[in-house]
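The values are calculated or read from the model by the stated rules, or taken from the named source; none is laboratory data. Keep in mind that this is a model prediction, so the values were computed, not measured. Note: ideal-geometry Cβ built from the backbone for every residue, glycine included; neighbour counts use all protein chains shown. These accessible areas exclude ligands, DNA and RNA; they are computed on the full protein's heavy atoms, side chains included. Shrake-Rupley method; radii C 1.70, N 1.55, O 1.52, S 1.80 Å.
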Amino acid sequence: MGMGLQAVLFDLDGTLIHSLPDLVAAVNRLLASEGRGALDDRTVMSFVGDGAGTLVMRAFTATGGMPGPKVEPYLDRFLADYEPRSAESTRPWPGVPETLADLKAAGLTLAVCTNKPSRATAEILAALDLGRWFDLVVGADDAPAIKPDPAHVTCILDRLGVAADRAVMVGDSANDIVSARAAGVRSVALSFGYCHGPVAELGADWVIDDFRQLSPLLLGRRPPVS
């Protein structure tokens, strides 16, 4: 096995899937219910990655401030609306199903490590027929702490029985790379996801520009000649 790997951990939003259209739609429905104006895609994308509660707070802050003292009631409303509609426009990035199948066929254990709420994560993985490739899925509700806390990564490794030096984390943001490094796990950053700054500055071990480059990298194969 290339790199002596046993397991590959994947972020979800911006890494496996392009989920921004459904997130933007749900955020703007919530804002409209409070008489707020809509936010554009780029603005909402800059709010993604730190959990749904933070997304809701940032959206209200950007449109005049929180309408109430606590985020929980608005988060509950956001999730109740978003979860059943979370895969309406969400799609895997090109090459994702094929790459997951390739890695699985090579004998690797695959896991999802996401700050997304667990129910929405399950809805999307099922709707897009991606869940079958994963041995373990740990969303925000199931982790002792969410990324960038390394506990999110280490709890997955512990449950899989895989040592940190036999795993790699694939993600698109600083949270993914920081949590991996703190857990002693190598990392691959994607240049096409939802990163809030230059991907080259994240400090990942590798950067790829196309999801289809992942299998050749991790399995030690020469990439196809284009």
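If you restrict to DSSP beta bridges whose two residues both lie in the chain, what percentage is antiparallel, to the nearest 5? Kindly include the intermediate steps, with their values, before the conclusion.
Details: 2 of 21 bridges.
Roughly 10 percent of the beta bridges in the chain run antiparallel, per DSSP.
For the stretch 45-146, what is the convex hull volume of the alpha-carbon atoms per residue, in Å³? Mind dumping the intermediate values first?
Numbers: hull volume 11.5 nm³, N = 102.
Spread over its residues, the Cα hull of the stretch 45-146 gives 113 Å³ apiece.
Against the longest principal axis of the chain, how steep is helix 72-82, in degrees 0 to 90 to the nearest 10, with axes from Cα atoms?
Relative to the chain, helix 72-82 is tipped by roughly 70 degrees.
Once the convex hull of the alpha carbons of the chain is built, what does its volume come to per residue, in cubic angstrom?
Values: hull volume 26.2 nm³, N = 226.
So the per-residue hull volume is 116 Å³.
Estimate the FRET efficiency between Asp81 and Asp129 by the formula 1/(1 + (r/R0)^6), using the beta-carbon distance for r and 22 Å for R0, to the nearest 0.05.
It comes out at approximately 0.40.
What FRET efficiency comes out for the pair Arg159/Met66, r = Cβ-Cβ distance, R0 = 25 Å, nearest 0.05?
Working: r = 36 Å, r/R0 = 1.43.
For R0 = 25 Å, the calculated efficiency reads 0.10.
Express the carbon and sulfur contribution to the solvent-accessible surface of the chain as a percent, rounded to the nearest whole number, probe 1.4 angstrom.
Details: 5050 of 9780 Å².
Result for the chain: 52 percent of the exposed heavy-atom area is carbon or sulfur.
Give the calculated FRET efficiency between Ala106 and Asp41 to the nearest 0.05, with a Förster radius of 45 Å applied to their Cβ-Cβ distance.
Working: r = 36 Å, r/R0 = 0.79.
According to the calculation, E is roughly 0.80.
Can you tell me the convex hull volume per residue for the stretch 125-226, based on C-alpha atoms, in Å³ to the nearest whole number? Intermediate results must be reported in sequence, preceding the final value.
Numbers: hull volume 13.2 nm³, N = 102.
Measuring per residue, one finds 129 Å³ for the Cα hull of the stretch 125-226.
Among the lysines, which have Cα under 17 Å from the Cα of Lys104 when same-chain residues fewer than 8 positions away are ignored?
none
Sorted by average packing, counted as other Cβ atoms within 10 angstrom per residue and highest first, what order do 129-141, 198-210 take?
Numbers: 129-141: 17.0, 198-210: 14.8.
Top of the packing list down: 129-141, 198-210.
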